[in-house]
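Trainee: This structure is in structure tokens; I'll ask about it shortly.
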Amino acid sequence: MLSIERSSQNTGHRYLPQIESSNVPVSPNQQLLPLTAKVNSNDNLEIGGCEVKRLVEQYGSPLYILDEATLRTTCQQYRDGFADYYSGESQVIYASKAWSCLAVCSIVNSEGLGLDVVSGGELYTTLQAGVESKNIYFHGNNKSASELELAVESGCQIIIDNWLELKTLASIASEKSTKPIKILLRLTPGIECHTHEYIRTGHLDSKFGFDPNQIEEVFAFVAKQSSLECIGLHAHIGSQIFERQPHQDLADVLVQWLKKAQGYGLPVTILNVGGGLGICYTESDDPPSITEWVKAVAKAVESACDRHQISLPKLIAEPGRSLVGSACITAYTVGSDKEVPGIRKYITVDGGMSDNPRPITYQSVYRTIIANKMSAPLTETVTVAGKHCESGDVVIKDATLPKTEPGDILVVMATGAYNYSMASNYNRIGRPAAVLVKDGEANLIIERETYQHLLERDRLPERLRYPNINQD
Ligand code: LLP
């Protein structure tokens, strides 16, 4: 059940999380604002005890503001949910592609979660954040030989996606490692789910994982490799999923494959069901709570094991979006506007598709509020445009807002997942800073990119250096 208040209140207050009103723990993935969101006596939005307007004055605009309490709550809800509802061993690993940086990796690590990485860069970040390699799982459908070597050196678990990788790793392992490398196999389960086609991965026509037709051949091959120890199976069916059934179906398919793999003598004791639980971006989104999702998955695995007569595997889930998505907002400053008579009014903010490419990539819809006018009545319908030279750079179409003026602080909610991690420097716009807020304290966790940062990796060949070029 969705807990965003759908009251008739015609102000920015309508998105404040409803914490006091029920005994059921609030699930952050069902909220648009972080759990600590409040309106203070200046009619300003506060997150983590910090006024958003002040944060922008101090750290600049646009600004990602990450609420530590919300992130820790999602981690705890996943962890406690599996402990409560699954009788076997379990582990939650954070899909760090949702937001990979030292602070986020370090918080989820301190909550006892493992981490999933999909590139040498994410692996490096995770290791630098102090995560132990036994808690790191390396995914990816085209890992390079050097990424595989880094993974072997670090001692993390590797999730094998295809034949080339399997064979390359077997040879790296026999050359470089004295003990067998722990691997999991990623399989394509042939399960459809209702989400954007770009973020669906479990259907048969997917670039990820071994096709079900090849499974027996793969099991037979892996069983003969003394340099590899296959400890489990993995599948991920997609992202921003609101139904529980696809993961329940997946549990059954994976349990059957686990039994088959055991038949080949593989020491498989891990079943990894991937991530995918959705979050609320608007009040009409209705995902299950974290606890409801965990319970459904845990019970499905238990009953499948019972049906197929195998003992309970260690159950792993690897959520990304639902851990970090609702913990963050992006604060922008309102600038110019344009009225197209009889058609629409545009207001423009100082960011857009470079700090949040999701609207232009997936037609994602977001909600917004004006942080410095939280109680002002919502009297205007405007389209919030970004500042990039591209007509499609629209942050939110037809947003309902109070009357805005240049300098107002416009907040876009639920931007923690796949915003910073997919940000670019399009139009040579520097990526925003990010701050972590907690109990009235703010810490810079990502520095704003300056003009110097933008030029840091440019190289100008000598023959292009004309005397009149000023490089300072
Ligand atoms: N495990 C694997 C193997 C994945 O590929 C993903 C996401 C996850 C776990 C985490 O899924 P989540 O819990 O976050 O749904 N850029 C897109 C999302 C791409 C998801 C890619 N894989 C977006 O902005 O919606």
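Trainee: Please list, ordered by first then second residue, the pairs with beta carbon atoms under 7 Å, 6 or more apart or interchain, first in region 59-74 and surrounded by fewer than 24 Cβ atoms within 10 Å (Cβ to Cβ), second in a helix (DSSP H, G or I).
Mentor: Note: pairs meeting the criteria are E68/I107; R72/I107; T73/P28.
Trainee: Also, quick follow-up: Which is farther than 28 Å from V268 by Cβ, in the same structural domain as L401 (by TED's automatic domain parsing) and either under 18 Å from the mean Cα position of the chain (by Cα) or of a type in the set (D, E, K, R) (or both), of V334, V324, V349, V365? First the steps, then the outcome.
Mentor: Values: V334 fails: either under 18 Å from the mean Cα position of the chain (by Cα) or of a type in the set (D, E, K, R) (or both); V324 fails: in the same structural domain as L401 (by TED's automatic domain parsing); V349 fails: either under 18 Å from the mean Cα position of the chain (by Cα) or of a type in the set (D, E, K, R) (or both).
Sole residue among the options that is farther than 28 Å from V268 by Cβ, in the same structural domain as L401 (by TED's automatic domain parsing) and either under 18 Å from the mean Cα position of the chain (by Cα) or of a type in the set (D, E, K, R) (or both): V365.
Trainee: Residue by residue through region 364-392, note down the ones that are of a type outside the set (D, E, K, R) and touching a residue at least 60 places away in the same chain (Cβ under 8 Å).
Mentor: At the first step, the residues of region 364-392 found to be of a type outside the set (D, E, K, R) are 364-366, 368-372, 374-379, 381-386, 388-389, 391-392.
Residues satisfying the conditions are S364, V365, Y366, I369, I370, A371, N372, M374, S375, A376, P377, L378.
Trainee: Shifting gears a bit: Being of a type in the set (D, E) and either touching a Cys at 6+ places or on another chain (Cβ under 6 Å) or in contact (Cβ under 8 Å) with a residue 60 or more places away in the chain (or both): is that true of D286 here?
Mentor: On the way: of a type in the set (D, E): yes; either touching a Cys at 6+ places or on another chain (Cβ under 6 Å) or in contact (Cβ under 8 Å) with a residue 60 or more places away in the chain (or both): yes.
Yes; evaluated as a whole, the condition is true for this residue.
Trainee: Assigned to a strand (DSSP E or B), modelled with pLDDT of 95 or more, surrounded by fewer than 20 Cβ atoms within 10 Å (Cβ to Cβ) and on the phi < 0 side of the Ramachandran plot - does that describe any residue in region 400-421? Working first, answer last.
Mentor: Of the residues in region 400-421, the ones assigned to a strand (DSSP E or B) are 400-401, 409-413.
Narrowing the set further to residues that are modelled with pLDDT of 95 or more leaves 400-401, 409-413.
Of the ones still in play, those that are also surrounded by fewer than 20 Cβ atoms within 10 Å (Cβ to Cβ) are 400.
Imposing the further condition that a residue be on the phi < 0 side of the Ramachandran plot reduces the set to 400.
Taking every residue of region 400-421 in turn, at least one turns out to be assigned to a strand (DSSP E or B), modelled with pLDDT of 95 or more, surrounded by fewer than 20 Cβ atoms within 10 Å (Cβ to Cβ) and on the phi < 0 side of the Ramachandran plot.
Trainee: List pairs: first in region 130-145 and at pLDDT below 95, second open to solvent by 30 Å² or more (accessible area, probe 1.4 Å), Cβ under 8 Å, 6+ apart or cross-chain?
Mentor: Cβ pairs passing all conditions: A145/T168.
Trainee: Could you tell me which of the residues E111, E122, E147, E165 is among the acidic types (D, E), farther than 17 Å from C230 by Cα and in the same structural domain as P287 (by TED's automatic domain parsing)?
Mentor: Numbers: E111 fails: in the same structural domain as P287 (by TED's automatic domain parsing); E122 fails: in the same structural domain as P287 (by TED's automatic domain parsing); E165 fails: farther than 17 Å from C230 by Cα.
Being among the acidic types (D, E), farther than 17 Å from C230 by Cα and in the same structural domain as P287 (by TED's automatic domain parsing) holds for just one of E111, E122, E147, E165, which is E147.
Trainee: Among the residues in region 399-420, are any over 24 Å from E283 (Cβ atoms) and free of Cβ contacts under 8 Å to residues at least 12 places away in the same chain?
Mentor: Going through region 399-420, the residues over 24 Å from E283 (Cβ atoms) turn out to be 405-407, 420.
Filter again for free of Cβ contacts under 8 Å to residues at least 12 places away in the same chain, leaving none.
Scanning region 399-420, I find no residue that is over 24 Å from E283 (Cβ atoms) and free of Cβ contacts under 8 Å to residues at least 12 places away in the same chain, so the answer is no.
Trainee: Hey, another quick one. All but one of (1) more than 12 Å from the ligand (Cβ to nearest atom); (2) over 22 Å from L233 (Cα atoms) hold for G81; which doesn't?
Mentor: Exception for G81: condition (2).
Trainee: Moving to a separate point now. Let me confirm something: among I19, I65, which residue is out of contact with any Asp or Glu (no Cβ under 9 Å at 6 or more places or on another chain) and part of a loop (DSSP other than H, G, I, E, B)?
Mentor: Answer to the check: I19.
Trainee: Please enumerate the residues belonging to region 186-215 that are open to solvent by 60 Å² or more (accessible area, probe 1.4 Å) and modelled with pLDDT under 85.
Mentor: E192, H194, E197, Y198, R200, L204, D205
Trainee: Let me ask you something else. Within region 343-395, which residues are in a strand (DSSP E or B), away from the ligand (no atom under 16 Å from the Cβ) and not hydroxyl-bearing (S, T, Y)?
Mentor: To start, the set of residues in region 343-395 that are in a strand (DSSP E or B) comprises 344-349, 368-370, 380-385, 394-395.
Right, trim to away from the ligand (no atom under 16 Å from the Cβ) and you get 344-349, 368-370, 380-385, 394.
Within region 343-395, R344, K345, I347, V349, I369, I370, E380, V382, V384, A385, V394 meet the criteria.
Trainee: Every residue in region 221-239 that is open to solvent by 30 Å² or more (accessible area, probe 1.4 Å) and touching a residue at least 40 places away in the same chain (Cβ under 8 Å), please. Walk me through it before giving the result.
Mentor: Quick first cut of region 221-239, residues open to solvent by 30 Å² or more (accessible area, probe 1.4 Å) only: 221, 223-226, 229, 236.
F221, A223, Q225, S226, E229, H236 - these are the residues of region 221-239 that are open to solvent by 30 Å² or more (accessible area, probe 1.4 Å) and touching a residue at least 40 places away in the same chain (Cβ under 8 Å).
Trainee: Need the failing condition index for G430 against (1) open to solvent by less than 30 Å² (accessible area, probe 1.4 Å); (2) farther than 29 Å from A376 by Cβ; (3) assigned to a strand (DSSP E or B), just the number.
Mentor: The failed condition is (3).
Trainee: So, one more: Mind listing just one residue for me: the one in region 306-342 that is among the small types (G, A, S), away from the ligand (no atom under 16 Å from the Cβ) and in a loop (DSSP other than H, G, I, E, B) and, of those, surrounded by the most Cβ atoms within 10 Å (Cβ to Cβ)? Talk me through it step by step, then tell me what you get.
Mentor: In the first step, residues of region 306-342 are kept if they are among the small types (G, A, S); the result is 311, 317, 320, 322, 325-327, 331, 335-336, 342.
Next cut, away from the ligand (no atom under 16 Å from the Cβ) only: 311, 331, 335-336, 342.
Now drop any that are not in a loop (DSSP other than H, G, I, E, B), which leaves 311, 342.
Numbers: S311: 8, G342: 5.
Filtering region 306-342 for residues that are among the small types (G, A, S), away from the ligand (no atom under 16 Å from the Cβ) and in a loop (DSSP other than H, G, I, E, B), the one surrounded by the most Cβ atoms within 10 Å (Cβ to Cβ) comes out as S311.
Trainee: Next question, about the same structure. State which residue is farthest from the ligand (Cβ to nearest atom) when the search covers only region 84-131 and only residues that are part of a loop (DSSP other than H, G, I, E, B) and surrounded by 22 or more Cβ atoms within 10 Å (Cβ to Cβ).
Mentor: Applying the first criterion (part of a loop (DSSP other than H, G, I, E, B)) to region 84-131 yields 86-89, 99-101, 111-113, 118-119, 129-131.
Add one more test, that the residue is surrounded by 22 or more Cβ atoms within 10 Å (Cβ to Cβ), and what stays is 99-100, 113, 131.
Details: W99: 10, S100: 12, L113: 13, V131: 16 Å.
Filtering region 84-131 for residues that are part of a loop (DSSP other than H, G, I, E, B) and surrounded by 22 or more Cβ atoms within 10 Å (Cβ to Cβ), the one farthest from the ligand (Cβ to nearest atom) comes out as V131.
Trainee: Another one. Being of a type outside the set (D, E) and within 16 Å of the ligand (Cβ to nearest atom) is the filter; apply it to region 144-180 and report the residue that is most open to solvent (accessible area, probe 1.4 Å). Talk me through it step by step, then tell me what you get.
Mentor: Taking region 144-180 as the starting set, the residues that turn out to be of a type outside the set (D, E) are 144-146, 148, 150-152, 154-160, 162-164, 166-174, 176-180.
Filter once more, so that each one left must be within 16 Å of the ligand (Cβ to nearest atom): 151, 156-160, 162.
Working: A151: 0, C156: 6, Q157: 15, I158: 0, I159: 3, I160: 0, N162: 40 Å².
Filtering first and then ranking leaves N162.
Trainee: Can you tell me which residue among V253, V273, V268 is surrounded by fewer than 23 Cβ atoms within 10 Å (Cβ to Cβ) and of a type in the set (V, I, T)? Steps first, answer last, please.
Mentor: Details: V273 fails: surrounded by fewer than 23 Cβ atoms within 10 Å (Cβ to Cβ); V268 fails: surrounded by fewer than 23 Cβ atoms within 10 Å (Cβ to Cβ).
Sole residue among the options that is surrounded by fewer than 23 Cβ atoms within 10 Å (Cβ to Cβ) and of a type in the set (V, I, T): V253.
The values are calculated or read from the model by the stated rules, or taken from the named source; none is laboratory data. What you see is a predicted model; the values in this text were computed from it and never measured. As a convention, Cβ positions derive from the backbone with ideal geometry for all residues, glycine included, and neighbour counts pool all protein chains shown. The protein model used for the area step is the full one, side chains on, heavy atoms only, and it has no ligands, DNA or RNA in it. Shrake-Rupley method; radii C 1.70, N 1.55, O 1.52, S 1.80 Å.
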